[in-house]
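The values are calculated or read from the model by the stated rules, or taken from the named source; none is laboratory data. Note that the coordinates shown come from a computational prediction; the quantities given were computed from them, not determined experimentally. Every residue, glycine as well, gets a Cβ built from its backbone with ideal geometry; the counts of neighbours run over all protein chains shown.
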Amino acid sequence: MKRRDFTLAAAAGLPTWGFAQGPAPSRPAPQEGIEYVTLDKRVPAESNDGKIEVIEFFWYSCPHCNAFEPRFAQWLKTIPKDVLVRRVPVRFRDDFEPQQRMFYTLEAMGKLEALHAKLFAAIHAEKQKLDTLDTLSAWVAKNGVDKSKFTEIFNSFGVATKAKRATQLQEAFKVQGVPSLGVAGRFYTDGTLASSMESALGVVEYLLGQVRKGR
């Protein structure tokens, strides 16, 4: 989904479809400016452990993020030990913030691994509208999470800070749509640039190799 489509679709009441589907034609190597872009300013890594950081930018209500999630989860099982992957929820509009906070609240409660994919399924397969504190807290309560504790952490300074930082990262990487991927604080790719998210993962693997060579 392209960033501008969120606003246009919201105004028109229409679904938003942005990324091309299917594999891209094979190439000897991804081309800068075509399959990926290099950032003007390097984004500092969150961790100082020397690992190469890969960021997935996503939105729970995005159908393309939902479609990509199983493939991305599978890819995560194959990453080398020198790679650190982080998921970062975006905020293209103010009404994205509750789902941003949801992510970091579940993370703080140790419930993210159990409920991340289930939330995608609830929104896209079960067609539940989960985009406010009330609806999200009711949903987690049905999934065995203490509602009062959830609400307390959701409204905490720590979660608010993490949500703000997520939006700052989104802007620093100049995220144009979701799902999308940032590599080593230097590179950005998405399904539009790479022709599909499957191809975007190939671009990421190529960029990881380039980062290793440059060390």
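Consider Gly33 against the criteria (1) buried (at least 16 other Cβ atoms within 10 Å of the Cβ); (2) among the small types (Gly, Ala, Ser); (3) at pLDDT 90 or above: it satisfies all of them except one. Which criterion is unmet?
The number of the failed condition is (1).
Take the residues in the stretch 162-175 that are assigned to a loop (DSSP other than H, G, I, E, B) and out of contact with any helix residue (DSSP H, G or I) (no Cβ under 9 Å at 6 or more places or on another chain), then tell me which one is surrounded by the most Cβ atoms within 10 Å (Cβ to Cβ). If you could, list the steps in order and put the result at the bottom.
The first filter runs over the stretch 162-175 and keeps only residues assigned to a loop (DSSP other than H, G, I, E, B), leaving 173-175.
Filter again for out of contact with any helix residue (DSSP H, G or I) (no Cβ under 9 Å at 6 or more places or on another chain), leaving 173-174.
Numbers: Phe173: 23, Lys174: 14.
That would be Phe173.
May I ask you to say which residue of Gln128, Gln99 is farther than 25 Å from Lys51 by Cα, among the polar types (S, T, N, Q) and not in a loop (DSSP other than H, G, I, E, B)?
Gln99
Does Val159 fit the bill of being in contact with a Lys or Arg (Cβ under 7 Å, 6 or more places away or on another chain) and assigned to a loop (DSSP other than H, G, I, E, B)?
Numbers: in contact with a Lys or Arg (Cβ under 7 Å, 6 or more places away or on another chain): yes; assigned to a loop (DSSP other than H, G, I, E, B): no.
No: the conditions fail for Val159.
Has the stretch 149-157 got at least one residue that is closer than 29 Å to Val211 by Cα and surrounded by 14 or more Cβ atoms within 10 Å (Cβ to Cβ)?
The answer is no, given that none of the residues of the stretch 149-157 is closer than 29 Å to Val211 by Cα and surrounded by 14 or more Cβ atoms within 10 Å (Cβ to Cβ).
For every residue, the table says whether it meets (1) touching a strand residue (DSSP E or B) at 6+ places or on another chain (Cβ under 6 Å); (2) at pLDDT below 95; (3) surrounded by fewer than 20 Cβ atoms within 10 Å (Cβ to Cβ).
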{"position": "Ala29", "(1), (2), (3)": "no, yes, yes"}
{"position": "Lys41", "(1), (2), (3)": "no, no, yes"}
{"position": "Glu46", "(1), (2), (3)": "no, yes, yes"}
{"position": "Asp49", "(1), (2), (3)": "no, yes, yes"}
{"position": "Phe57", "(1), (2), (3)": "yes, no, no"}
{"position": "Tyr60", "(1), (2), (3)": "no, no, no"}
{"position": "Phe68", "(1), (2), (3)": "no, no, no"}
{"position": "Lys77", "(1), (2), (3)": "no, no, yes"}
{"position": "Asp94", "(1), (2), (3)": "no, no, yes"}
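Looking at the structure I just gave you, is Val83 on the phi < 0 side of the Ramachandran plot, touching a Leu at 6+ places or on another chain (Cβ under 8 Å) and hydrophobic (A, V, I, L, M, F, W, C)?
Details: on the phi < 0 side of the Ramachandran plot: yes; touching a Leu at 6+ places or on another chain (Cβ under 8 Å): yes; hydrophobic (A, V, I, L, M, F, W, C): yes.
Taking the combined requirement at face value, the residue satisfies it.
Please state which one of Lys142, Lys127, Lys147 is at positive phi and over 19 Å from the mean Cα position of the chain (by Cα).
Values: Lys142 fails: at positive phi; Lys147 fails: at positive phi.
Of the residues listed, the single one that is at positive phi and over 19 Å from the mean Cα position of the chain (by Cα) is Lys127.
Within the stretch 176-192, can you find the residues that are surrounded by 23 or more Cβ atoms within 10 Å (Cβ to Cβ) and either part of a loop (DSSP other than H, G, I, E, B) or over 14 Å from the mean Cα position of the chain (by Cα) (or both)?
Val178, Pro179, Phe187
Taking the conditions exactly as written (touching a residue at least 12 places away in the same chain (Cβ under 8 Å), closer than 22 Å to Ala67 by Cα and among the hydrophobic types (A, V, I, L, M, F, W, C)), does Ala108 satisfy them or not? Break it down stepwise before answering.
Numbers: touching a residue at least 12 places away in the same chain (Cβ under 8 Å): yes; closer than 22 Å to Ala67 by Cα: no; among the hydrophobic types (A, V, I, L, M, F, W, C): yes.
No.
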